[in-house]
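Novice: Here you go, one structure.
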Amino acid sequence: MTQDQDPDLTGKLTFDGDKGAGRSKWIAGLLALLLIGWMGSGYIIPAEASEDEVAEEKQSGAVVVAVMPSQAQDVQLVLRAEGQSEPDRATGIQAEASGQVVSVLVARGDLVAAGQEIGRLDATTLEAQVLQAKTQQEQATRDLNNAIALQNRGVATEDRVSQARAAKAAADAAITSAQEQLENTIIGAPFAGRLNDLTLDEGEFVDAGDVVAEVLDNDPLTVVIQVPQQALSRITTDQYADVQFITGEQHTGVVKFIGGNADQQTRTFRVEISVDNPESVMPAGLSARVTLPTGNARGHFISPAILSLGTNGDLGIKTVNDDNTVAFAPVSIVRAQTDGIWVTGLPEKASIITVGQGFVNAGDIVDPRVVEPEQVADVSQ
């Protein structure tokens, strides 16, 4: 007996008959067609080329460089040198007599006038010698007058008068010497200045010749610099110079001395600049920077980064000619400032390569792109 089989209730789930079942296929196909069309649009519908692209195509193979138009200007040439200040005069004061110090009237660092008394030595013995010399002088004067009177009466001879004259002369010399020694007990300043050192103390004994003080004359102050040989011909006496001391003070000085013999080690020449220093406010020994004008020239103001080296090692600048070819011009640096340098050797007008000069050589054809020139600093600074 055959058993009845259970009916197969499983089946495939289909949506073909549902509304919108084929919409996703159409959307996917449309997106694929749009993507293919967009990717190929550059070939099927080429975009219109821009002017810059056309220019680049014309300059195919040319290196693009940035150039700056530059116009030569008058620039004042200057010589800068480092130096230091020295006193106009300096001397040690020596005791001209021996004796005990009885008074000191000044202190170290004081300003003194010419001839001002600094100190005094004990003069008791010398005062007595002066008094004795005066007495002897008076006696010699009387003896000479008597001898002349007797000679006039015919009593005294010429020899007696001559002896009296000699005695009178000796007495005059003795009093002059005694008075000079008495004056030497007063120690005075030889010239006006500042008392830089003083070793006098009341009660101590000093010998003749001992240095007891030092006086400096710092008005005017002398600033000494060393000038190289090649710049010596551009400096003259009585020309003005700007002097900036390490303390920050700035003054105008005058060239007073130019050495006539070069230093054997450095081959430089000594130049002295005089700077007014009322009441010796600035001390000697200060470091100073001196700026001396040495003439004028026509130059271009550039950044040091623009400089290049030529094939033979010359320092120069690369420029672009009217036909877009590169040229190399050797230059000389005539003045340096904190914001740039002044150079000579270029024509009055030049198109200076500021970017890309390391990738081109003289004679190469380039694609120059003009940039605005940097503002030139004031040459008077």
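Novice: Once R0 is set to 56 Å, what does the formula 1/(1 + (r/R0)^6) return for the Cβ-Cβ distance between Gln230 and Arg165, expressed as a FRET efficiency to the nearest 0.05?
Specialist: Once rounded, the FRET efficiency stands at 0.20.
Novice: Over region 205-258, with the other protein chains present, what is the accessible area per residue in square angstrom, probe 1.4 angstrom?
Specialist: 53
Novice: Now for a different question. Treating only the Cβ of Lys, Arg, Asp and Glu as charged (+1, +1, -1, -1), what charge dipole size does region 254-381 show about its Cα centre? Round to the nearest 20 debye.
Specialist: I would put it at about 400 debye.
Novice: Normalised by the empirical 2.2 N^0.38 Å for globular proteins, what value does the Cα Rg of region 66-167 take?
Specialist: So region 66-167 has a normalised radius of gyration of 2.67.
Novice: Report, in debye and to the nearest 20, how large the dipole of region 91-157 comes out about its Cα centre when Lys and Arg carry +1 and Asp and Glu carry -1 on their Cβ.
Specialist: The calculation lands at about 240 debye.
Novice: For an R0 of 25 angstrom, estimate the FRET efficiency from the Cβ-Cβ distance between Ala305 and Asp364 and round to the nearest 0.05.
Specialist: Given R0 = 25 Å and the Cβ-Cβ separation, E is 0.80.
Novice: Here's something else I'd like to know. Percent of accessible area on region 184-246 owned by carbon and sulfur, 1.4 Å probe?
Specialist: 46
Novice: Which whole-number percentage describes the relative contact order of region 219-366, with Cα contacts under 8 Å and a sequence gap of 6 or more?
Specialist: It comes to 20 percent, rounded to a whole number.
Novice: Between Thr252 and Ala66, what length comes free when the chain is fully extended (0.36 nm per residue of separation minus the Cα-Cα distance, one decimal in nm)?
Specialist: Taking 0.36 nm per residue and subtracting the Cα distance, the gain is 62.7 nm.
Novice: Around Ala297, with a cut-off of 12 angstrom between Cβ atoms, what is the net charge of the other residues, counting Lys and Arg +1 and Asp and Glu -1?
Specialist: +2
Novice: Tell me, what HN-Hα J-couplings in whole Hz come from the Karplus equation 6.51 cos²θ - 1.76 cosθ + 1.60 at θ = phi - 60° for each residue of region 277-284, using x for Gly and Pro?
Specialist: 9, x, 6, 6, 5, 8, x, 6
Novice: Next question, about the same structure. On the accessible surface of region 90-167, probed at 1.4 Å, how many percent belong to carbon and sulfur atoms?
Specialist: 45
Novice: Over region 66-194, with the other protein chains present, what is the accessible area per residue in square angstrom, probe 1.4 angstrom?
Specialist: It amounts to 56 Å² per residue over region 66-194.
Novice: Something else: Give, rounded to the nearest 20 debye, the magnitude of the charge dipole that region 139-254 has about its Cα centre when Lys and Arg contribute +1 at Cβ and Asp and Glu contribute -1 at Cβ.
Specialist: Here the size comes out at about 900 debye.
The values are calculated or read from the model by the stated rules, or taken from the named source; none is laboratory data. Everything quoted here is computed from the prediction, not taken from an experiment. We place every Cβ from the backbone using ideal geometry, glycine too, and count neighbours over all the protein chains shown. Protein only, heavy atoms only, side chains kept; ligands, DNA and RNA dropped before computing areas. Shrake-Rupley method; radii C 1.70, N 1.55, O 1.52, S 1.80 Å.
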